[in-house]
Structure formats: structure tokens, C-alpha cells
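Report on the following structure.
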Amino acid sequence: MNWLPKIISVLIIIDALVGLFRPDLFKKYCLIFSQGPTIYLVAFIKALVGTAFLFGASEQCRYQSVIIAAGILATAGAIFIIAMPQKSKAMAGFFAEKSITTLRFFAFVYLLIGGALVYCS
């Protein structure tokens, strides 16, 4: 199962690169997730990623504790979304209102986190 965290980390990097080069798509999806029950789709995806990191972390990982911590944070994020959907929608709306430069900065930070996760797995 050592391949699962690596695949998800590479997908995180791809997502960050899309956000870096096309921040308007990120804005569009934040607007979609800030309205209606679509925020629960985000919670489901976060729960899947968290579970994959938690169960995919193995002895072969370079820094197993980092992968486990990422899994715990993703699972906690999913619980937060389910427990407080209005606040989660407000946060998605907050990101939808940010400038392109700010969104590119967040995408760059997201890219660094994804790179660290690939290195650790």
C-alpha cells in the first residue's frame, strides 16, 4: 500500500499546478462549493484522502509520521465540513473572492506541501 500515498501526493501536485496556471478554475470551483449541498462532496473527498494516507502509510515511507499527520488533518477537515457546513461554505466563498495573485500564492504553497508529501512517501 506504499503506492497509495505517492499517487495521492502526485495528484495534489497536479491540482496545485492547475491552480497555479489557471486560478480562475479554482475560483469557479470555490463558487460552486459555496452554494448548496456540494460542500459534502468536498468532505467525502477529504475523508477518502485522509483514509488513504492513514492506511497507506507503511514502514517503507521515509517519514511515516508526516503521512499519518496529513491523513489525520484531512480526516479532521472532513469532520469539520460535516459538523459546520455553513462555516465551510463561507470559507469557500472567502477564497472565491480573492485576487488571482493571492490564489496563485496559495497554489504555490499547496504545491510545496504536495512535494513534501511525495518526498515523505
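List of remarks:
- Near Ala107, once Lys and Arg are set to +1 and Asp and Glu to -1 for all other residues with Cβ below 15 Å from its Cβ, the sum equals +3.
- Computed FRET value (nearest 0.05) for Phe21 with Leu41, which takes r as the C-beta separation and R₀ as 25 Å: 0.60
- Placing dummy labels 7 Å off each Cα toward the beta-carbon, the span from Lys6 to Phe55 is 2.0 nm.
- Helical segments meeting 18 Å axial Cα length and Kyte-Doolittle -1.0 threshold in the chain (DSSP H): 3-21, 39-56, 64-83, 100-120
- Potential lengthening between Leu31 and Ala90 on full extension [0.36 nm per residue; Cα-Cα distance subtracted]: 20.2 nm
- Estimated translational D of region 4-121 in µm²/s (Stokes, Kirkwood radius over Cα pairs; 20 °C; 1.002 mPa s): 146 µm²/s
Read the figures in this text as sums done on the coordinates, not as results from a lab. Note that the structure is a prediction, hence the values are computed from the model and not measured. As a convention, Cβ positions derive from the backbone with ideal geometry for all residues, glycine included, and neighbour counts pool all protein chains shown.
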